[in-house]
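The values are calculated or read from the model by the stated rules, or taken from the named source; none is laboratory data. Please read all numbers here as calculations on a predicted model, not as lab measurements. Note that we place each Cβ from the backbone using ideal geometry, even for glycine, and neighbour counts take in every protein chain shown. SASA here: full protein model, heavy atoms, side chains in, ligands and nucleic acids out. Shrake-Rupley method; radii C 1.70, N 1.55, O 1.52, S 1.80 Å.
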Amino acid sequence: MLRLHARRLLLTCLVVSVTTLQAQSTRTPDVLVSRQLAESEHLAIGQVIRLSPHTDGTDARTFRIAGIYEPTADPQRLGTVPRKVRLHLPDLLDLTRTATQVAGTDPVDGINIRLARPDDADAFIRDVNGRMPGVGAVRADLAGNAIGTFTVVERFHYAIATVTILAATIFLLALTIMLVDERRETVGILRLIGLPVGRILSQILLEGVLVATAGAAFGLTLALGSQRLLNRFFQWKYDSAMQFVGITPHVASLCVSIAVPLGAVATVLASWALLRRNGLRLVRR
Amino acid sequence: MRALAFAARSLVRQPARAALGMLGVAAVGALLFDMLLLSEGMIVSMRDLLERTGFDVRITTTAEMPRTAPRMERARETVAAIGRLPGVGDVLAVRFGDMALEQTHGDPLNGTFQGILGTPGPWTVMTGHDLSPGSGTDDVVVNRATAADLHVTPGSQLLVHASCESSPGAAPPVRLRVVGIVSFPFEIAGERMIGGSLDTLESACSARARDQADMVLVTSRGRPDEVVDAVGRLRPDLHAATNAQMLGRVEQAGFSYFRQISTVLTTVTVAFALLLICVLLTVSVNQRLGEIAALRALGFSRRRIVADVICESSLMVGIGGALSLPAGLILATGLDRILKNLPNIPTDLHFFVFEPRALLVHIGLLAATAFVAALYPMRIVARLPIAATLRSEVIS
């Protein structure tokens, strides 16, 4: 699907004075209203309302509410209650057309196109841009700012995650150094009874992997548990259907692939200095 | 020996774990500091931007943010009426239009055309001169991005397709003369902007809907609240707001997500630091139980031993916390650079802004963390049975 320089295909904030009328007319055009607008103005399906393109309410026309919809969550409009009305384009053009405008010459902000063969998108864009100067065709997946917003927010969260991992690694190293030090005598005895360094190191590595796996599993469980809590809080806060936290399989596997090797490597690194020492020194004899 | 000096020696005895502990606190503290800067940063920065323009009252048609609200009609009459209100200084109406700038080579470049009604212009002149009441209707000022992209200087001419309604290609092109290069308030990085009179914009875009404005800016001579009230009485259909009220709208509408996320991350970071420092201290104390019991047997009081633990915690968190400030400022610069890539963010707006209050909260949170993290190890040493511990130490 292509979007031709789409900016505001939907009519937003047209509602200046929403007056509920009792009369029902078969000729009254249908509109959809956003859930938030319906709630704030106590609108219901079947009601007839008046919409005006002007702030003073002039040139108003009547419409019938055919449905109430949940607006697609827009990260750029977060915090703004989406009071929106969706009209059929001819109705919108009739409503907003000025006295000097000839019907049929109305401008539109964008045209969405679904191609029969999506693979032809780039060729189609080149064709449109070449044949129609003044019209800009772009791929729908590259249009709009929302994608940019998501990318930036993702980068921000990656940066925060990197610092958190750094802090956790440092603490983990400190902790493993202390824990390994606690087992100094045990390791010394194992060395004295003849276990090779490689064998002890393998055992420590295995222990590290097990502990890190258990830790990662606990962390994921905690994240999954808090996911719903955080989503509910932010959805309530912003009156939006947007999913703020999503533990996808990719995210989960990324976390495990970082946490488990990190835990194992930290354990081995902390143990390495200890294992290089003489067995007698380890048991303090 | 005082408790603090004794705790310092305890840390020096185990340099690796002490250094790692402090570095860990520094990393966590840096993140905590940044989250505190983020929680208020955008509001502080936005306040600075709003005040920098010199206007202290903004009038739009709805309580929406400017450029998202419907345009106000009869702009000239509105400006004149507001200008006659008591306590009103300068009045400036602004209308935004889309434009495409013709290039000698290559495709036209898109941008925004600001048409103004009233003086002075909301921009700062960098080169050349400002528009004056005697300026012709083809005189405009451009921002640095436009000047750089089109290689124009004061005196150059621009071929502009402007539109006050829809797509920039709708109107026939007009030739405009650049009189100055300016910096617009709330200019977005790389955004091409030109400014001219409202007449210039309307004639450039052959506007069908003339005499409209997106917002009116007012400089008050007295209290801005009184001007807001006066505008409300004059035009009940319009929404006037002081800078403080606009900040309230920004808090509601503009990226309050980051404020919320900073609260969540602050909580998580403090909990993380608390847990890890508590574990480090607990393991450290458990490893030194024999030593602590010996000190108690030598005559060190229970209170003194508890003081050692809290001093050790304070030293670790204190030194780590001190390191976290420069680390946090460096990290904030990087994070700010990332967030400024968000679409439609003004060049001069920052997400992370230093405030003394944030520093005080940071210090307070770290101090509380040091104390709370030491509570459990303090309990261990306070309840340590001296004889049994010494016996166990000797037997093992």
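Projecting the Cα atoms of B:Leu331, B:Leu217, B:Ala8 onto the dipole axis of chain B, where Lys and Arg carry +1 and Asp and Glu carry -1 at the beta carbon, places B:Ala8 farthest toward the positive end.
Rounded to the nearest 20, the size of the Cβ-charge dipole of chain B about its Cα centre is 2300 debye, with Lys and Arg at +1 and Asp and Glu at -1. With each label modelled as a point 7 angstrom along the Cα→C-beta vector, the B:Val264-A:Leu201 pair spans 4.2 nm.
Applied to segment A:151-163, the Karplus parametrisation 6.51 cos²θ - 1.76 cosθ + 1.60 on θ = phi - 60° returns per-residue 3J(HN,Hα) values of 4, 5, 4, 4, 4, 4, 5, 5, 5, 4, 5, 4, 5 Hz, with x for Gly and Pro. Annotation: amide H of B:Leu384 has no partner in the under-5 Å range at sequence separation 5 or more or interchain, hydrogens built in the peptide plane. Ordering B:Ile305, B:Tyr257, B:Leu315 by Cα displacement along the dipole of segment B:246-369 toward the positive end leaves B:Ile305 in first place; charges were set at the Cβ atoms of Lys, Arg (+1) and Asp, Glu (-1).
How large is log10 I(q)/I(0) at q = 0.09, 0.14, 0.15 Å⁻¹ when the Debye formula is applied to the Cα atoms of chain B, each weighted equally and without solvent? Debye output, listed in q order: -0.68, -1.13, -1.23. Rolling a 1.4 Å probe over the heavy atoms of the protein chains gives segment A:51-142 an accessible area of 60 Å² per residue.
Rolled with a 1.4 Å probe across the full set of protein chains, the surface gives A:Arg155 an accessible area near 120 Å². Farthest toward the positive end of the dipole of the protein assembly as shown, out of A:Trp236, A:Ala217, A:Leu173, is the Cα of A:Leu173, where the dipole comes from beta carbon charges about the Cα centre. Dipole magnitude for segment B:280-376: computed about the Cα centre from +1 point charges on Lys and Arg Cβ and -1 point charges on Asp and Glu Cβ, it is near 340 debye. Counting only protein heavy atoms and using a 1.4 Å probe, the accessible area of B:Leu158 comes to about 10 Å². Mean Kyte-Doolittle of at least 0.0 plus a Cα span of 20 Å or more along the axis: flag which DSSP H helices in chain B meet both, please. Correct list, ordered by number: B:15-52, B:256-287, B:302-339, B:356-382. Using the Cβ of B:Leu390 as centre and a radius below 14 Å, the other residues enclosed give a net charge of +1, where K and R count +1 and D and E count -1. Taking every protein chain into account, the accessible area of segment A:151-285 amounts to 59 square angstrom per residue (probe 1.4 Å).
Taking 4.7 Å between C-beta atoms as the pairing limit, chain B has these partnerless cysteines: B:Cys278, B:Cys311. Excluding ligands, DNA and RNA, the accessible surface per residue across segment B:180-306 is 41 Å² with a 1.4 Å probe. Interface B-A: total buried accessible area of about 4400 Å², 1.4 Å probe, protein heavy atoms only. For the protein assembly as shown, carbon and sulfur atoms together expose 60% of the accessible surface, with a 1.4 angstrom probe and every protein chain in place. When only alpha carbons of the protein assembly as shown are considered, Rg and Dmax amount to 33.0, 103 Å. The contact residues of segment B:331-355, meaning those that lose at least 50 Å² of 1.4 Å-probe accessible area when all protein chains sit together rather than their chain alone, are B:Ile338, B:Pro343. What you get for the protein assembly as shown, charging only the Cβ of Lys and Arg (+1) and of Asp and Glu (-1), is a dipole of about 3380 debye around the Cα centre.
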